[in-house]
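S.K.: Take a look at this one; I'll ask things after.
Rule-based calculations on the coordinates, nothing more; no lab input. Computed from a predicted model, the values in this text were never measured in an experiment. Here the Cβ is made from the backbone with ideal geometry for all residues, glycine too, and neighbour counts use every protein chain on show.
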Amino acid sequence: MLYKFKSRAAADLIMLEPQGRQMVTLMGKTPGASGIVTVAQIPDAIAALEAAVAAEEARQAEAAETPELTEQQRAELVSLRQRVTPFIKMLRVSAAEKADVVWGV
């Protein structure tokens, strides 16, 4: 299943369900079949996503010192910034244009 994020101000963003649910959860929303991030909520959503990236990168720095992690586990630690970046861009463009972001499954 896919999550599709839409805004009148930006191109659609489509993610696999696990990543879409993660984005919604990180923003403090309840994952579901549909939802909305209002213009007023966008700054808090961006801050929450950036905080999650910072926390993961801190864990990654600690994990780099842990030799028992496999290369697969290390590769999985890198991905949050890559997944969040296009979504944060969408939120920023939407905020600038005063457009809500909606999602649906």
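S.K.: Quickly work out the SER34-to-ALA54 label distance, labels modelled 7 Å from Cα along the C-beta direction, and quote it in nm with one decimal.
M.R.: Output for this residue pair reads 3.5 nm.
S.K.: Also, I was wondering about something else. From the backbone phi of region 14-24, what are the Karplus-calculated ³J(HN,Hα) couplings (6.51 cos²θ - 1.76 cosθ + 1.60, θ = phi - 60°) in whole Hz, Gly and Pro given as x?
M.R.: 10, 9, 4, 3, x, 6, x, 4, 5, 4, 4
S.K.: Here's another thing I want to ask about it. Give, rounded to the nearest 20 debye, the magnitude of the charge dipole that region 1-56 has about its Cα centre when Lys and Arg contribute +1 at Cβ and Asp and Glu contribute -1 at Cβ.
M.R.: On the way: 5 positive and 5 negative charges, 51 e Å.
Dipole about the Cα centre, nearest 20: 240 debye.
S.K.: Just to confirm a number: summing +1 for Lys and Arg and -1 for Asp and Glu over residues other than ARG8 whose beta-carbon lies under 13 angstrom from that of ARG8, what do you get?
M.R.: Once all neighbours under 13 Å are counted, the net charge is -1.
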